[in-house]
Each structure stands twice: as structure tokens, then as C-alpha cells.
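Each remark here refers to the structure printed beneath this line.
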Amino acid sequence: MTPPILSVTRLRTSFHNDGIWTPVVRDISFDVAPKTTVAIVGESGSGKSMTALSIMRLLPGGNSKVEGRIALAGRSLLDLPEKEMRSVRGNEIAMIFQEPMTSLNPSLTIGFQIVEALICHRNMSRAEAEAEVIRLLERVRIPSAKARFNDYPHRLSGGMRQRVMIAMALACKPKLLIADEPTTALDVTIQAQILELIRDLQEEEGMAVLFITHDMGVVAEIADRTIVMLRGDLVESGDTADIFNNPQHVYTRSLLSAVPKLGSMTGKARPLRFPVVDQKTGIAAEPPAGFDTISIARPILEVKNLTKYFDIRKGVLRGLAGRVHAVENISFSIHRGETLALVGESGCGKSTTGRSIVRLTEPTSGSIQLAGEDILNTGKSSFRDTRKRMQMIFQDPYASLNPRMRIGESIAEPMIAHATETPKRARERVGELLKSVGLSAEIYDRYPHEFSGGQRQRICIARALSLGPELIVADEAVSALDVSIKAQVINLMLDLQERLKLAFLFISHDMAVVERISHRVAVMYLGEIVEIGSRASVFGNPQHPYTKRLLSAVPIPDPGLRVSKKRLVNDELKSPIRALDYQVPVRPFKQVGPNHMVQEWGAEWA
Amino acid sequence: MIEIVFRRCIVVLPTLLLVSMLVFGMQKLLPGDPILTMAGEDRDPETIAYLQEKYHLNDPIPVQYVAWLGQIVRGDLGISLRTEQPVLGLIVQKLPVTIQLAAFAMVIAFVIGVPAGIISAIRKGTATDYAINVVALSGLSIPNFWLGLMLILLVSVQWQLLPASGYTSPLEDISQNLRTMLMPAFVLGTGLAGVLMRHTRSAMLGVLRSDYVRTARAKGLNEKTVILRHALKNALVPIITLSTLLFGELLAGAVLTEQIFTIPGFGKLIVDAVFTRDYAVVQGVVLCTAVGFILMNLVADLLYIVVNPRLRDAA
């Protein structure tokens, strides 16, 4: 057996806080063999990123402490003087990070930022380094690499920036690449491209990869071995296939059962709750079958020909130079008790659609009717009444609660603002609402920072429910949550739907979650709905090439089914910025099934 | 790039016009009639009428304004009511002195403030950090005039190292000029150094936490490169903003400092003019200061573009 490239023994990382050392990584040991990929998987606070930073010795000095042994090809890293450690960083071990948008220096050109690494470790002249960088940029498949060399990072999309980060990491041909959630911030089709790129480059270079992620789908896709971490402890490690097929630890089992698996809903007509794993036995209880919640009366929401353009102004006189066609002539409806999912990637207009419906942004044209009532042409005061009937839940539960307001006050505020309840009665209502979202009524007087992300999202849901709405627009409402919390919040939303006959407009980029929760699905691309139909039909029989591409890019949490063996298209997401004289092409819909429409597509998809 | 410069310059024009109106209006609203001052003790009505006619004070105010503006644009800031010299001449004579003092003080403030801010950010929470903060806070809280007087006592009277007051033009004797300027510039600069240090520190602390600094470290760069190349440039934006604001502080400080060290600069000109209600001079000085301020902001706007490549595209 070949000796491991990286050998971590009893690694313990602690932080100094209020006079005591609190370990965030507790005595974990693992090896990374040459040319293999090891994934560390865990939820927030599991210590997975801390492990990576400990290996790189990038934790802030002073209030952090790393103990144990970390050996790179036999050499102990923790004993190296800082100067020698610098020649390891970027040279023998390279690292890429989660946030491509902020991980590159905004005031230096991308070319220079890679050149720097080469000059630092390889003693190259500037000219040699520049030539090498252009080769590297081409290797990470950046189109017209030479022209891109002198661009600043803000000119590049997230996916392109992550490619630059990878080029930078590969510059000195490291033995080990540490990738810390490298695809989490990216769209699913871009994620698939980056994963494929990392895998290809790994084969070509023969390097080992330590891949840190929270996404079981990504793990199944890329890792040879898997390490599962929970609150600083290593709870299970082994061959990836074994971990998925035969998980030993309770936590691994509950993690796997909470992972939405694309395709798991085949043959099921209605949305389905996630199975709840018993924390003691580790046995997943079968979720109760979904009830029929949809009422067939007149739809609660009818959107017709909704269009929203944003103007782009340029030049000395700020003349109109173009328009962002954020939402382009879309129509759909939602019945009471029904969930319509709006899916698509960044910039496809799904959030603008949601915001237009609750009139947080004024649509350019089109009509929106709530229970038959036109809400776009009503005055301010009567619209206030309409607002009670539809509410919104946002993506980031940390940012959408006022940190200076007690959570009870936050929930009561809509009722008091609309004078639907007296302050005294509102307080009682808050208690009931908190209970209905699975929290205790006693937390009324506490502040948002005392709660976890999942609890805060429950609080936001309670606030949205406080006016007894009929429609809730949930804009990426579970995207920022950990897998197990995500499953709980979705179960809660399904419970509430069953009980209150709520209609949801569920805006999401996560196909697997959408498959679980929705009755019908609308796929958006460049501002247009390209395909709409029942969930079973759209997922089971996708027609539009974009829908197909979107579905094929989703990593499946099953190591037996590695999707991206097939070559992916190396496309950037297109932008809906159009010239002023842009003629919107007329693309008729055709009926594919009883409840399934698809837009006819142009030659660009051929 | 040229387009941005052009646009910024265009934006300056209405600002200048507004400033000119305020300056002109201010003089009209001020209590005290300069004609009465000029007419002397006996206030002979004929003299007053003659003077009012001479200075067009009987015309409607908009007409006066337009006439005044026309003069300004031609570079004629009027005649000092007190000395009967052209105001422009007075300003041209005094301004370079103050500019030298201000520039000198600014250099001192930067040389002390920015490195101190960087060091205290890097050494956050250590004894060095505390020491720098204490010194900066004292620099902020000690009034200029007190520090000036103490320095004169110590350096000039006790040690007899530098002259206590006076001014020599750099064209006459550059070393004597520097000797006379050193103390006032130091007094003026140290107060600002404290402000600069605090802001550099907080800007650097923010940048040092950023993801791209972590990337730079993960690349294996040495700490000096990380700080100077990756962190400092990005921390400069708030420092540039601050520097333009400090320019105003600098002028206000110069008034006092010039009095203490008896330097014949702008500050002294303002004080003298205000006390004698020499409106033409006050007007000229205020206008000059305002224009200086606006130009400083223009320079800052352009510097932002140099420092922050995103702004080059944003326009």
C-alpha cells in the first residue's frame, strides 16, 4: 500500500474564548492517499472548514491552537517554522474556497494574482510566469484566456472566478488540493462543470483532493472516501459507496434520509414529507402520505403576461442604453392548497416574479389577480388589505429578522400594523403561531441572535402566517439551511399547507427540494417560463432542452449513479440584457400532456 | 476613463455656481454695513451715496450677482475695502504659504498615521496596539494651540533648536523655510495623524478579515506582500474619503496655527478680513476655500477610480 500524501492524527483545534479553550475539532484522524479524493461532509459548525484551515495553518494566531500531528508526505507540518510553512502553502498544498465572488482581490488583475504564486514558489521571471498563466487559464477552460489575463475579478461570473481560483491553486502543481465548498455558491449547471473540471485535472495532475462539502450529492459524485463530521467529531469514515449503502452511525443515517434525492418521487402524485429518523434507533419512519390539499375552485393567484424590465442607463447624459428583461411575458396560476415551484438559475427572473406578485417591485406590464381581484390597479389603501392575504418568506433568516426587535414583536407587528388584533390579543396569537411552527410560546421576549438558522426561519414563517394569508411566496426559503434543518422546515410547510390550505409559490434553484414539495413546476430561463406542468410530468418527462440540462446537472446522492460521466456543455449562463430595439421573439407553447406545456425553442438549443 | 473624468468635472460646475450664490448671498445677509465703515466716523450722507454708487450697491441684487460673477470669472475678485489692493493679489500672495503648511502637515499626518494604523491593525489586541491607540487619542484630544505653545516653549525657548515664529519664503532660503515650517506643520499634522490612524486601523481590520487576504496567504505569499499588496490597496478607499474631509479641518487648523506661529498665510488673511469687515477679501477667501474643497473632492473621486477598478466599469 502506498504511503498517504496527507496523514492527520488526533487533530484537535481549539479557540480561546472568555479564558477557556473550546475545541472545535476533536481528535480526528484520517489519511488521504495519493491521487484519491476524500470528502469531509458535515453541517454548519461541524468543524470541517476548521480542519482544512488547520492543515493549512491559516487559523488566526493568538486565539487558536492546533494539536496532534499533520504530516504531508511524512513531513510534520505543525512543527515547521512559519517561513517553511509558506513554501508549503500554495506550492505543495493549494486551497480553493467557497466564495468565488470574494476570494479574489478586487484591485488586482486575475492574471497577476496567479503570476504572483508562480513568482513566489517557482522563481520564474515575470514573462515566463505570464506565459504559464495563460496556459493555466486555458487549462481551466476560460474562453479567450489571453484577453482575460488583464481583467479584474468583477468582470467575471462566479463560475469563471472559481476557475481562476482553480488555476491559481494548480499553478505550482500541488500534491494536495483542499477544496472548501468550492461549488456551494454556484448554480447547479455551473457546479457540475466545476466538479467535472476538478476531476479531470486531478486525473491529469495525479494530485490528491480533500473536498469539503455539506452536499451529499456532491460527495457521491466526486469522493473515493468519505468522512462524516458532527460538531467537531469524526463520526464515521469509509469508502464512499459503503457510507451511502450501509451507514453505521445514526447521524449519517439521518443525514442521508434528509437529503432530497432527485428521482425519489417517481410514481408519487403528491408532495411528500421527509422521513424522520429516530435519533436513538437511527430508523427512518415512513412519512405519512400526502393529502389532497388542492381545491378546484377558481385559482387564488392568476398571473397573466407579467413583464418586468429594468432600465440600464449609460453615458454622460445617462441615456437609456438597454434593458434587463428580468421577467418576460409569463403567465401561470396557483390554486388554493397548491404549491407551484418556480425553478431556474441565477438571473432567470424567478425572484423578480415573486417580488412583483407581492408588489415589492412594480411590474412593467401584465396583470395579477388574487382571488379574482386585480391587485396591480388598486390604490394604496385597498392594496394594504390585499397584502394581508399574501405574505413572503425570504432566503436569509439571519438578515430578515430585525436584530433589535424581540421575536414576539416581529411576529406581532403585522397584526398591529394592519389592526387585525389588539396588542393584547396579538400577544396571545403570537403564542399560538409559535406553537404551530414547532416553537415554544415562551420565547416571545428573546432576540433573533439567540436562535439558530432553522429556528429563525420558523419564526419568519410564523410572522408570514400572522395575518392568515392565503398565498405565501417563499423565495429560496430553505436554501440557506443545513440539510436536516431544511427537511424539517419543508415538513413544516407541508403540515401548514395541509392544515391551512395555503398556496405556496415556492421559488428555488434546488431541483431535488422542488421535486419533494411541489404539485406543479414552472421552469424559468432568461425571464421566460420555458416549461410548466405537473411535477410528475415535468420531472418524469422533461421536454425543453434547458429543463433537461438542469435536471442532468443535479448531483445524485448515490455513488452508483455518477451523472456527469457524460460531457457537459461548457456554457456560461446567458444574460437577459437586451438592446432597446430588441424584438421579443414569439415562442408559442405546445401541449405535451394533460397539464404540461412547453415553449417551442429556437435554433440555439439544437 | 476619460468619460468618467469628464462627467465628474461637469458635475462640479453646478456645485461651483451654488457656492458662488451662497458666498454672494452671505455677504448681503451679514450684519454691519461696510459702506458705513468706509465712510469713516462722520458718516457723511454724500460720501455714503457716492460709495454706494461706486460699488453698484443700488442695483437689484440679481444684477449685482451677475456683475460680480462676471468679474469672478475674469479673475477679478474685487478690491480690498481696507487696503485697496486687488483681492486676487492678496490671495495669490498668501495662498502658497498656507498650501505649503497644509501639504507639509498632511505629509506628516500620513507618514505617522497610516503606518501606525497598519501596525496597530496587524497587532490588534497587543500592547503595541494599545500604545498606538493611546498616543492617537492624545493626539486627537490635545488642542493645537496648546501643543503649539508647548513646542515653542520647549524647542525654541529651552533648546533653541528652531525659530519660534516668522516665515521665510522657500525661494529665498529653503533650509530656513523648512526650519520655520517644521513646528507648525507638526502641530497641525499630529492632530490629523490620530484620525488617520484610527480610520486606517479599522479599514485594515476589515480588509484583513476578507476572503481574498486569506487567499493571498493560502498562496504562500509572505506577510509583507499580503499586507502591502493585497490589503492596503483595498483599505485605501475610506482613507481617501477621510483625507478630503481632513482638508477642511486642515484649513481651520491653519487659521489658528498661523496665528500662534505668526505665519503670514491664508489664516491670518481671513482673521484680519473678518475683524475689519473687509467683505471683498472674506468673499474671495471663502470662494477660494470652497473651490479648493470641491477640487479636492474631484481628486478623491478620480483616486477612487485608480484604487478601485470596479468603478472604471460602473460608469
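Which GluC sites (Glu not before Pro) does the range B:43-149 hold that lie in a coil by DSSP with at most 14 other beta carbons within 10 Å?
Values: sites: B:GLU46, B:GLU53, B:GLU84; in loops: B:GLU84.
For GluC sites (Glu not before Pro) across the range B:43-149 that sit outside H, G, I, E and B with at most 14 neighbouring Cβ atoms in 10 Å, the list reads B:GLU84.
Using helices alone, what [θ] at 222 nm do you get for chain B, with -39,500 (n - 2.57) per DSSP H run of 4 or more residues, divided over all residues and rounded to the nearest 500? Each step should come with its number before you reach the end.
Numbers: 13 runs with 232 residues, N = 315.
Mean residue ellipticity, 222 nm, calculated: -25000 deg cm²/dmol.
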Which one, A:ALA39, A:TRP21, A:SER400, projects farthest toward the positive side of the charge dipole computed for the protein assembly as shown from Cβ point charges (K/R +1, D/E -1)? A:ALA39
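Which length gain, in nm to one decimal place, applies between A:GLU128 and A:ARG75 when the Cα-Cα distance is subtracted from 0.36 nm times their residue separation? Write down the numbers at each step before the final one.
Working: separation 53, 0.36 × 53 = 19.08 nm, distance 3.05 nm.
Gain on stretching A:GLU128 to A:ARG75: 16.0 nm.
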Residue order, fewest to most beta carbons within 10 Å, for B:PHE293, B:PHE6, A:PHE506: B:PHE6, B:PHE293, A:PHE506
Helix B:233-260 vs. chain B, principal-axis angle (Cα, 0 to 90°, nearest 10): 40
Can I get the semi-axes of the protein assembly as shown's equivalent ellipsoid? Compute them from the C-alpha gyration tensor as square roots of 5 times the eigenvalues, in angstrom, largest first. 61, 39, 27
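Go through A:376-387, A:217-228 and give me the packing order, highest mean Cβ count within 10 Å leading. Each step should come with its number before you reach the end.
Details: A:376-387: 11.8, A:217-228: 24.2.
By packing density, highest mean first, the sequence is A:217-228, A:376-387.
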What distance in nm separates the simple spin-label points at B:GLN158 and B:VAL299, each placed 7 Å from Cα in the Cβ direction? 3.6
Charge-dipole axis of chain A as Lys and Arg at +1 and Asp and Glu at -1 on Cβ define it, positive-most pick from A:MET390, A:SER351, A:ALA341: A:MET390
Roughly speaking, what is the centre-to-centre gap between the range B:105-127 and the range A:208-222 when only Cα atoms are used, to the nearest Å? 44
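Just tell me how shielded A:104-112 is by partners: mean number of partner chain Cβ atoms within 10 Å of each residue's Cβ, no decimals.
On the way: counts 4, 12, 7, 13, 7, 1, 0, 0, 1.
Per residue, the average neighbour count from other chains is 5.
Kindly put B:LYS219, A:LYS83, A:LYS314, A:LYS35 in sequence by how many other C-beta atoms sit within 10 Å of each C-beta, fewest to most.
Working: B:LYS219 27, A:LYS83 8, A:LYS314 12, A:LYS35 16.
The fewest-first ordering by Cβ neighbours comes to A:LYS83, A:LYS314, A:LYS35, B:LYS219.
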Cβ density ranking, 10 Å radius, fewest first, applied to A:MET229, A:MET405, A:MET160 yields A:MET405, A:MET160, A:MET229
Placing +1 on each Lys and Arg Cβ and -1 on each Asp and Glu Cβ in the range B:94-279, then taking the dipole about the Cα centre, the residue among B:ALA185, B:ALA235, B:ILE260 whose Cα reaches farthest towards the positive end is B:ALA235
Helix B:279-307: inclination vs chain B longest Cα principal axis, degrees, rounded to 10, gives 30
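Please label the shape of the range B:94-279 as rounded, prolate or oblate, based on the square roots a ≥ b ≥ c of the eigenvalues of the alpha-carbon gyration tensor (a/c under 1.5 means rounded; beyond that, a/b larger than b/c means prolate, else oblate). Working shown, then result.
Numbers: a/c = 2.43, a/b = 2.09, b/c = 1.16.
Note, shape of the range B:94-279 comes out prolate.
Taking the Cα centre of the protein assembly as shown as origin, sum charge times position over the Cβ atoms of Lys and Arg (+1) and Asp and Glu (-1), and report the length of that vector in debye to the nearest 20. Please report the intermediate quantities before stating the final value.
Details: 100 positive and 89 negative charges, 319 e Å.
Dipole size: approximately 1540 debye.
Can you give the net charge of the other residues whose Cβ lies under 13 Å from the Cβ of B:LEU302, counting K and R as +1 and D and E as -1?
Working: positive: B:ARG7, B:ARG8, B:ARG312; negative: B:GLU3, B:ASP301.
Local net charge: +1.
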Across A:146-154, the residue-averaged tally of Cβ atoms belonging to other chains within 10 Å stands at 2
For chain A, find the longest principal axis of its Cα atoms and tell me its angle to the long axis of helix A:407-417, 0 to 90°, nearest 10. 30
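Sum -39500 (n - 2.57) across every DSSP H segment of at least 4 residues in chain A, then divide by the residue count to get the 222 nm mean residue ellipticity, nearest 500.
On the way: 19 runs with 196 residues, N = 606.
One gets -9500 deg cm²/dmol as the mean residue ellipticity at 222 nm.
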In what sequence, highest mean first, do B:128-141, A:480-493 appear when ranked by Cβ atoms within 10 angstrom? A:480-493, B:128-141
Per the 1/(1 + (r/R0)^6) rule, R0 = 22 Å and r from the Cβ atoms of A:ASN541 and A:SER331, FRET efficiency to 0.05 is 0.55
Pairs beyond 32 Å (Cα-Cα), from A:LYS35/A:LYS65; A:LYS146/B:LYS224; A:LYS261/A:LYS388: A:LYS261/A:LYS388
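What's the average, rounded to a whole number, of partner chain beta-carbon atoms within 10 Å of each residue's beta-carbon in B:218-230? Intermediate results must be reported in sequence, preceding the final value.
On the way: counts 18, 17, 16, 8, 4, 2, 0, 2, 0, 0, 0, 5, 5.
What the average comes to for B:218-230 is 6.
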Where the centre of each part is set by its Cα atoms, how far does the range A:407-422 sit from the range A:131-165, in angstrom? 51
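Can you give the charge dipole size of the range B:94-279 about its Cα centre, rounded to the nearest 20 debye, using +1 on the beta carbon of Lys and Arg and -1 on the beta carbon of Asp and Glu? Please report the intermediate quantities before stating the final value.
Working: 15 positive and 9 negative charges, 201 e Å.
For this selection, approximately 960 debye.
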Taking Rh as the Kirkwood radius computed over alpha-carbon pairs of the range B:238-286 and applying Stokes-Einstein at 4 °C with viscosity 1.567 mPa s, one gets a diffusion coefficient in µm² s⁻¹ of 111
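Taking the highest mean first, how do the peptides A:587-596, B:277-286 order by number of other beta carbon atoms within 10 angstrom per residue? Walk me through the numbers on the way to the answer.
Details: A:587-596: 13.0, B:277-286: 22.2.
Output ranking for A:587-596, B:277-286: B:277-286, A:587-596.
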List the aspartates and glutamates whose Cα lies under 18 Å from the Cα of B:LYS124, skipping any in the same chain that are fewer than 8 positions away. A:ASP18, B:GLU223
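Bear in mind these aren't lab numbers, they're just calculated from the coordinates by the rules spelled out. Predicted model, so just to flag it, every value in this text is computed and none were measured. Neighbour counts are summed over all protein chains in view; Cβ atoms, including those assigned to glycine, are modelled from backbone coordinates with ideal geometry.
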